[in-house]
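The values are calculated or read from the model by the stated rules, or taken from the named source; none is laboratory data. Bear in mind the structure is a predicted one, so any value in this text is a computation, not a measurement. So basically every Cβ, Gly included, is an ideal-geometry build from the backbone, and we count neighbours across all protein chains shown.
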Amino acid sequence: MSDVKYTRGGCARPATSLQFHTGSWRVQRPVHRHGAAPCHVACPAGENPQAYLARIEEGDEQAAWRELVTINPLPAITGRVCPHFCESACNRATYDSAISIHGVERYLGDKALAHDWHYAVPARAVGAARVAIVGAGPAGLAAAYHLTLLGYQAVMFEANPEPGGTLRGAIPEYRLPRGVLQVEMQRVLDIGIEFRANTRLGRDVSLEELRQSHAAVFLGPGTQRARYWHVDGIVQRDLHQALDLLKAWNTVGKLSMPASVAVVGAGNTALDTARILRRAGVASVHLVAHKALPEQAASGDDVMPVHPREIAQALEEGVQIHPHRGIRRLLLRGERVVGVEMVHMKKLRGADGVYARVAFEGTETVLHVEQVIPAIGQTVDGVGFDALVADNGFVSVNAQGAVTAGYQGVFAGGDAIGKGGTVTRAIGDGRRAAAAIHGFLQGREWAASVLAPVTFAQLNVNYFEPAPRPEDPVLALKKRIGEKEVVGGIEQQAVLQEAQRCFSCGNCFACDNCWTLCPDTAVLKTQELAADGAHYVFDYDYCKGCGICAQECPCGFIAMEAEL
Amino acid sequence: MIEIRIHGRGGQGNVVAAYILATAAIEQGFHAQAFPSFGAERRGAPVAAFVRIAREPVLRRSQVLHPHFLIVQDRALLQVPEVTVGLSAGGGILVNSSKPSAQLSALLGLDVVALPAAQIALKHLGRPLPNTALLAAFAALTGIVDGGALEQALRLRLHGKGEKVLQANLELMREVNASVPAGQWYREEYAANA
Amino acid sequence: MTESIINFYELRRKQPRFQGIDAGHRACLGCGEALAARLVLESTGPDVIVANATGCLEVFTTPWPESAWRVPWLHSLFENAAAVAAGIEAALKAQGRQSKVLAFGGDGATFDIGFQALSGMLERGHNVLYVCFDNEAYMNTGIQRSSSTPHAAATTTSPAGKQRMGKRHLKKDIVSIIAAHHIPYAATASVAFPSDLRKKVRRAMAIDGATFLQIHCPCPLGWGHESEESIAVARLAVQTGLFPMIELERGELTGAMPIREQKPVVDYLKPQARFRHLFADDARAREELEHLQALADHNIEIYKLLGSGVDALDSEGADTVRRGGNRWG
Amino acid sequence: MRQTLEGSQAIAKTVALCRPQVVAAYPITPQTHIVENISKLVADGALQCELVSVESEFSAASVVLGAAAAGARAYTASASQGILLMSEVLFNIAGLRIPLVLTCANRAVGAPLSIWNDQQDSMAVRDAGWIQLYCADNQEAVDTTVQAFRIAEQCELPVMVCVDGFTLTHTLEPIDVPDQDLVDQYLPPYHFARALQPRQPLSLGTLVAPDYYAEARHSHHQAMLHAKALIAQCDRQWQELSGRASGGLFEVHGASDARIGILALGSIVGTLLDAHAAHVQRDDVQIIKLRSLRPFPGAELAVALSGLSDLVVVERALSPGGGGIVGVEIRSAFHYHGVNVRVHNVAVGLGGRDVPLSTLDRILDLVAHGSAEEFQILDVQLDKLPPEDR
């Protein structure tokens, strides 16, 4: 083109506009901003479902499982028993229906069990520091697992002959088959954790001894003591605790109960107890709950803290639920129960602004039952570490999980710290405590990062096809006898579809939207430079700051920042 | 004759600012002229507009090459070399910026007055359009036009946009008046000949 | 990795697409036309020659001595792009060359001033793909009404006032007129649906003969919406039925993007200042809103646009994104 | 009433005052603001007229042709490429002797594309048979617009009012816009004797054979020559009513015994006068504003400028390969009338190039040093060109 006269007729060379940097026009710039997926924020264990859904979408299930178990070593268990807070938070729920995260989690957990996938555990250095873990429930197992991954020698002390804690004692087999429980827990112990069965803190070993012989101690004792229950100071003579009944059912497989029973409580223990009573042959099982059924709840705080599905199944199975009711009076003949007086009650905000339960006079009814079983919660049985148990019956800890009673190097987690008793929360406590112990032993403080979840409004859902989530297969009612697992898992095809349904909230999933829709060709695609998790870079020499990329990013991964 | 060059970006109301200033000057009793720098640039691109204010009718139709004052709608424009070119000796630059005037004066080696006009506008008008605030500041700094003339010019320009918009602009003007060193750029020859 | 060490020049060179219009052009923020033109050239590839009518696209891409184009390109006049393209094509034929000839024009150049030349080019069957970037007014000169301006839209020459509700006339149904030339392929597309747009360009490119593509491209300045809303607004034009996405072969309707869920026209009109006067508390304004809704309903009826359920290629599904991108390949 | 207005706005208001019944236009920079302002007046009901937003300038000119032929006062505006696209119709309008008014917002003609001001567009159609009046400022644009309707309708010739694009159309300044009463007094209702109507079924635009064609052209030419007196008269009559004149056919500023004259058209005149008053202040220099290019006041100029030694004709257009346009015509008139003035010719301000105050000095320097040429483009920076193009 050397003979071309560019002054003639206003002729110009190709793409010479690149000499002009339109970036100088800009008053706001797009930036990549990783946001926390709401499922991730909501998960008490700290799982990041988005990350493993991504691996599944890429076709690598084992990588997905590995991603999952970097946080939670027990997905086959949590996939079954967790009330999946992640799904309640899932932005997809606002669009059509939440991702079946529990279904995917369970699928991966089961797949790993079936294919005997193993955790990737780094070799432990000789003379690694030893950390004691008291209680082999989900909190203790998670703590031991993460401490092992961090290079420590975890030593577990369990009062019972077998590990499992609440998982074994309080969750009926129809929700969590023993085989799954056994294998998944064993796989954790097999990574080189020392397991001391039948060793009870306070009886076989003292806290002081543990502190002396270990670099740190983690307490995950659970809550073994039922809350004291009475009606105006009166209790029937043959009082049974729900947790004891569950334990008995889980170990012996049968119960001796009269033909009509009322269970008092609104949580999982209450519901499970009601359901095993039906399985044990009790003809008339009532659940008296001070909270609401999901469909009638006025607020999240008001609803029964169990998965709606479990309530539906309990109703199917013949459990009669009395929501928003309390027990006003025990009808006793001698010391035997012949009925209870129920009354409508609700939690209302009083004139002082404090919420309190209010019973409504004139709404009393009598329920003719021969037994009343309280399931109103448990507290810590602090034998051997009484000094750590606060007045409310729980071990008090700080944000790092360290006990606040002045015992250096002692951490606690799980049900015992009274922050809401779920398996998932306990697993999260164990993981966070492991990180905190690591920090403590390295002489620095560890702090969990707190991120604001990406909201539905930050996404652009025009780019997603509506698709329903797969429902879990549920055992036909007449087949629900004994220990048969009621809820089944979803299939591979459904799992892949769930992965594709994920909005990838707050993280780039390389959809090309910004690259395609930039009118100024100021978004460039990159593979090798995608170090920040984005697959694109902004060429600020040319970006005019129109904001289309941010507006059209399906994931809410691009934000506009003022620039002046 | 006072010559003023206003720099902004396409879509910022640069020409409107020039028109309002000239209208105010005419209201004040001067002769004046305002015109844009006839560019083909689009929204967002740097543009300029010119104002001449004089006691006699303005005959010339040439561009303003040696302005007495520059009004600059955002600080980033000060980095565009053409913006400060030709400023008369002793001339002043009024710029929309939240930086201190002294800092910008030192940076450019010129007499700069900075005003956070976009922020003020955001507060009063709900949109970060700096031009009214800059004009109010210019009026206060130079005393070429007084508040009444500027108000009348705004009235004419905003005619049809409703009383609310006008009042918001007048409120904004009052805030600006109180926040710039009034008369800093005053000179005898600017006094109205009306 | 920090961005300061990225070699943007190298990266730009290696992009896995043909950037027929590169950066540094002077289009406004959020320009739909700039995007549409690049998308068209992505699908045609570099072996084309472009004849461009006067208009924004021509002005913002070629501030001499610079040009944003990476394809051979010629601007002559406002009204003659189709005829110039015909001449280029004739020359290629005479020389035995194979490059495809494209003619680019805005709605003014296509619907109005250049219509005669366009009709002639189509009638003679030149092997030219004529692309109309339809932003529904003369934007280059500052938003004057064209025969593509929708009914009731305010422009500087069809302003809303005490006696007028914006443009009194209807938007010209250009694609039907074009199709009536019995050409092998005429279609409408939108910047909000890049995959569909690319497919239509590829279809047109594969045909040896005169073809026509009308692309709906928002103009933030002229339509009066925020720059980041360009895609959203264009999408709503399709989803309301106001801009039907159709394909016509030899004058026959052979394809239409179904609308899964018809959105009310006010969803589309509300974000745009050119329709602001229709939201006044005024009987005429209400009537015009109903009128526009009726026009959308009419489109849906005559082109049978309402889908019968979920369709991967309908107004909701056509640009579903996938991990790793679905916009290239 | 004195108002602070943008040139285009003032022109639009003035057009409205002239009560046009049909306005047709097609947008082109820098004419757009005129049409936009008229549209707004129509939308608000302030102007009752049929506004036809056509699809091209060709149609704009054709619509006003038809409208005026049908007995309606008609108006259009355009610029640059638009004027050229109209050109066939412009010849036709003039040949049909149809009275109407067109504002040309003067702009360069592409290629290379330029949207900026020069006067190449109206110069290119100077042979179309239209009266062409050039305005030096927006006040003249307003006053000339009113006069143009009267002139056109009295002599049955179309009038092109040439207003520099941007430099005038986009400049805000104080402008006296006349009252409606005044305009109504000056401008009688539109009357076109040959209007199309069934009561008087005339045929317009017939085929004229060689035996009459020359006569038709002669008649057209004569009408233009007669229009000279009419233009001057209309300006005077307007002055009697409004107190303002626009300079008749041309206007001479400066001492009557000046030796050097600078002649220009349009808005440069103001800059030259300002430069003269502010800097040059030479008694031997005259500034001449040529207002009427068609009809061309050749004989009148020859008389008025016969005392000069040098005249520099400053233009914003050229005829490539020929040189200047107005300069050639003046030279020719001087030669024929035996006036011995050296006529130099320069082009300035092409495609929007700024014409600074220093231009006058530059030109006077050229004359003083004897380096003023038959024709030259001032301020060409040759280093921008490759050697073979210099």
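Within the range D:93-114, take every residue that is surrounded by fewer than 24 Cβ atoms within 10 Å (Cβ to Cβ) and within 25 Å of C:S76 (Cα to Cα) and give me the one that is nearest to the other protein chains (Cβ to nearest Cβ).
Restricting to residues being surrounded by fewer than 24 Cβ atoms within 10 Å (Cβ to Cβ) and within 25 Å of C:S76 (Cα to Cα), the top hit is D:P112.
Residue-wise test of (1) within 14 Å of another protein chain (Cβ to nearest Cβ); (2) closer than 29 Å to D:V142 by Cα; (3) of a type in the set (S, T, N, Q).
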| residue | (1), (2), (3) |
| --- | --- |
| D:A275 | yes, yes, no |
| D:A278 | yes, yes, no |
| D:I287 | yes, yes, no |
| D:F296 | no, yes, no |
| D:L301 | no, yes, no |
| D:P320 | yes, no, no |
| D:I330 | no, yes, no |
| D:V343 | no, no, no |
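Going by the conditions given, is D:S78 within 14 Å of another protein chain (Cβ to nearest Cβ) and in contact (Cβ under 8 Å) with a residue 40 or more places away in the chain? It would help to see each step written out before you state the result.
On the way: within 14 Å of another protein chain (Cβ to nearest Cβ): yes; in contact (Cβ under 8 Å) with a residue 40 or more places away in the chain: yes.
Here the answer is yes, as D:S78 does meet what is asked.
In this structure, is A:A534 buried (at least 18 other Cβ atoms within 10 Å of the Cβ), more than 9 Å from every other protein chain (Cβ to nearest Cβ), in contact with a Cys (Cβ under 8 Å, 6 or more places away or on another chain) and among the aliphatic types (A, V, I, L, M)? Can you show your working first?
Working: buried (at least 18 other Cβ atoms within 10 Å of the Cβ): yes; more than 9 Å from every other protein chain (Cβ to nearest Cβ): yes; in contact with a Cys (Cβ under 8 Å, 6 or more places away or on another chain): yes; among the aliphatic types (A, V, I, L, M): yes.
Yes: the conditions hold for A:A534.
Quick check on my filter: what residues within the range D:1-35 are small (G, A, S), surrounded by 23 or more Cβ atoms within 10 Å (Cβ to Cβ) and either under 16 Å from D:N106 (Cα atoms) or free of Cβ contacts under 8 Å to residues at least 60 places away in the same chain (or both)? Before the answer, list the steps.
Here is the first cut: in the range D:1-35, the ones small (G, A, S) are D:7-8, D:10, D:12, D:16, D:24-25.
If we keep only those that are surrounded by 23 or more Cβ atoms within 10 Å (Cβ to Cβ) too, we end up with D:7-8, D:10, D:12, D:24-25.
Scanning the range D:1-35 gives D:G7, D:S8, D:A12, D:A24, D:A25.
Is it the case, given these coordinates, that A:T424 is among the polar types (S, T, N, Q), surrounded by 15 or more Cβ atoms within 10 Å (Cβ to Cβ), at pLDDT 95 or above and not in a strand (DSSP E or B)?
Details: among the polar types (S, T, N, Q): yes; surrounded by 15 or more Cβ atoms within 10 Å (Cβ to Cβ): yes; at pLDDT 95 or above: no; not in a strand (DSSP E or B): yes.
So A:T424 fails the test.
Among the residues that make up the range C:107-125, is at least one of them free of Cβ contacts under 8 Å to residues at least 40 places away in the same chain, of a type in the set (D, E, K, R) and in a loop (DSSP other than H, G, I, E, B)?
no
Among what's in the range D:4-36 and is facing chain C (nearest Cβ under 7 Å) and in a helix (DSSP H, G or I), pick the residue that is nearest to C:S158 (Cα to Cα).
My answer is D:E36.
Can you list the helices (runs of 4 or more DSSP H) found entirely within the range A:204-286 that contain at least 3 residues being modelled with pLDDT under 95 and hydrophobic (A, V, I, L, M, F, W, C)?
Output list reads A:242-251, A:268-279.
Here are the criteria: (1) over 30 Å from D:A148 (Cα atoms); (2) more than 14 Å from chain B (Cβ to nearest Cβ); (3) touching a residue at least 24 places away in the same chain (Cβ under 8 Å). Tell me which single one D:L357 does not satisfy.
Unmet condition: (2).
Determine, yes or no, whether A:A112 is crowded, with 17+ Cβ neighbours inside 10 Å and modelled with pLDDT of 95 or more. Please lay out each step first, then the result.
Details: crowded, with 17+ Cβ neighbours inside 10 Å: yes; modelled with pLDDT of 95 or more: yes.
Here the answer is yes, as A:A112 does meet what is asked.
Which residue is nearest to the chain's Cα centre (by Cα), if the candidates are limited to the range A:8-32 and must be at pLDDT 90 or above and part of a helix (DSSP H, G or I)?
Among residues in the range A:8-32 that are at pLDDT 90 or above and part of a helix (DSSP H, G or I), the one nearest to the chain's Cα centre (by Cα) is A:G23.
To keep it simple, each residue is scored yes or no on (1) of a type in the set (G, A, S); (2) in contact with a His (Cβ under 8 Å, 6 or more places away or on another chain); (3) more than 28 Å from A:A562 (Cα to Cα).
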residue: B:D74; (1), (2), (3): no, no, no
residue: B:L87; (1), (2), (3): no, yes, yes
residue: B:L122; (1), (2), (3): no, no, no
residue: B:L125; (1), (2), (3): no, no, no
residue: B:F138; (1), (2), (3): no, no, no
residue: B:G148; (1), (2), (3): yes, no, yes
residue: B:E151; (1), (2), (3): no, no, yes
residue: B:S179; (1), (2), (3): yes, no, no
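Give D:R150, D:R194 a once-over and let me know the one that is within 30 Å of D:A12 (Cα to Cα) and at pLDDT 95 or above. Spell out the reasoning first.
Values: D:R194 fails: at pLDDT 95 or above.
Answer to the selection: D:R150.
What's the total number of residues in the range B:10-33 that are surrounded by 24 or more Cβ atoms within 10 Å (Cβ to Cβ), at the interface with chain D (Cβ under 9 Å from one of its Cβ atoms) and either at positive phi or not aliphatic (A, V, I, L, M) (or both)?
So the answer is 3.
Here is a check on your reading of the model: is A:P49 within 39 Å of the chain's Cα centre (by Cα) and away from every other protein chain (no Cβ under 12 Å)?
Yes; evaluated as a whole, the condition is true for this residue.
Can you list the helices (runs of 4 or more DSSP H) lying wholly within the range C:179-272 that have 3 or more residues being touching a residue at least 60 places away in the same chain (Cβ under 8 Å)?
On the way: elements: C:194-205, C:230-240, C:265-269.
Ranges flagged: C:194-205, C:230-240.
Having 2 or more residues that are of a type in the set (A, V, I, L, M) and closer than 30 Å to A:K484 by Cβ is the bar; report the helices (runs of 4 or more DSSP H) wholly within the range A:133-196 that clear it.
Numbers: elements: A:138-149, A:166-169, A:178-189.
It comes to A:138-149, A:178-189.
When the range D:37-63 is examined, which residues are found to be part of a helix (DSSP H, G or I), within 8 Å of chain C (Cβ to nearest Cβ) and farther than 30 Å from D:G95 by Cβ?
Of everything in the range D:37-63, those that are part of a helix (DSSP H, G or I), within 8 Å of chain C (Cβ to nearest Cβ) and farther than 30 Å from D:G95 by Cβ turn out to be D:S39, D:K40, D:V42, D:A43.
Residues checked against (1) of a type in the set (V, I, T); (2) under 19 Å from the mean Cα position of the chain (by Cα); (3) surrounded by fewer than 19 Cβ atoms within 10 Å (Cβ to Cβ):
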{"position": "C:V238", "(1), (2), (3)": "yes, yes, no"}
{"position": "C:F243", "(1), (2), (3)": "no, yes, no"}
{"position": "C:L248", "(1), (2), (3)": "no, yes, no"}
{"position": "C:Q262", "(1), (2), (3)": "no, no, yes"}
{"position": "C:L269", "(1), (2), (3)": "no, yes, no"}
{"position": "C:Q272", "(1), (2), (3)": "no, yes, no"}
{"position": "C:A283", "(1), (2), (3)": "no, no, yes"}
{"position": "C:H291", "(1), (2), (3)": "no, no, yes"}
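Among the listed residues C:S119, C:S99, identify the single one that is of a type in the set (S, T, N, Q) and either more than 14 Å from chain D (Cβ to nearest Cβ) or touching a Phe, Trp or Tyr at 6+ places or on another chain (Cβ under 6 Å) (or both). Don't jump to the end; show me each part of the working.
Values: C:S119 fails: either more than 14 Å from chain D (Cβ to nearest Cβ) or touching a Phe, Trp or Tyr at 6+ places or on another chain (Cβ under 6 Å) (or both).
The match here is C:S99.
Identify, please: which residue in the range A:53-63 is within 13 Å of chain C (Cβ to nearest Cβ) and assigned to a helix (DSSP H, G or I) and is, among those, surrounded by the most Cβ atoms within 10 Å (Cβ to Cβ)?
Taking the range A:53-63 as the starting set, the residues that turn out to be within 13 Å of chain C (Cβ to nearest Cβ) are A:53-60.
Within this subset, residues satisfying the condition of being assigned to a helix (DSSP H, G or I) are A:53-57.
Numbers: A:L53: 29, A:A54: 21, A:R55: 19, A:I56: 24, A:E57: 21.
So, considering only residues that are within 13 Å of chain C (Cβ to nearest Cβ) and assigned to a helix (DSSP H, G or I), the one surrounded by the most Cβ atoms within 10 Å (Cβ to Cβ) is A:L53.
What is the number of the single condition among (1) of a type outside the set (D, E); (2) in contact (Cβ under 8 Å) with a residue 24 or more places away in the chain; (3) closer than 26 Å to A:V282 by Cα that A:K347 does not meet?
Unmet for A:K347, out of (1) of a type outside the set (D, E); (2) in contact (Cβ under 8 Å) with a residue 24 or more places away in the chain; (3) closer than 26 Å to A:V282 by Cα: (3).
Of the numbered conditions (1) of a type in the set (D, E, K, R); (2) within 14 Å of chain A (Cβ to nearest Cβ); (3) assigned to a loop (DSSP other than H, G, I, E, B), B:E56 satisfies every one except a single condition; which is it?
All conditions are met except number (2).
Quick test for you: out of B:A102, B:A114, B:A139, pick the one residue that is under 26 Å from D:H170 (Cα atoms) and not in a loop (DSSP other than H, G, I, E, B).
Numbers: B:A102 fails: under 26 Å from D:H170 (Cα atoms); B:A114 fails: under 26 Å from D:H170 (Cα atoms).
It is B:A139.
Consider only pairs whose beta carbons are under 7 Å apart and that are at least six residues apart or on different chains; among these, list those whose first residue lies in the range A:500-512 and is within 9 Å of another protein chain (Cβ to nearest Cβ) and whose second residue is buried (at least 23 other Cβ atoms within 10 Å of the Cβ).
Close Cβ pairs (under 7 Å, with a partner that is buried (at least 23 other Cβ atoms within 10 Å of the Cβ)) amount to A:C502/A:Q50; A:C502/A:L53; A:C502/A:I99; A:S504/A:Q50; A:S504/A:C555; A:F509/A:C555; A:C511/C:V321.
Please determine, by comparing only the residues of the range A:427-447 that are assigned to a helix (DSSP H, G or I) and of a type outside the set (A, V, I, L, M, F, W, C), which one is surrounded by the fewest Cβ atoms within 10 Å (Cβ to Cβ). Steps first, answer last, please.
Taking the range A:427-447 as the starting set, the residues that turn out to be assigned to a helix (DSSP H, G or I) are A:427-442.
Remaining after also requiring of a type outside the set (A, V, I, L, M, F, W, C): A:428-432, A:438-439, A:442.
On the way: A:G428: 26, A:D429: 30, A:G430: 31, A:R431: 27, A:R432: 24, A:H438: 20, A:G439: 15, A:Q442: 10.
By that ranking, first place goes to A:Q442.
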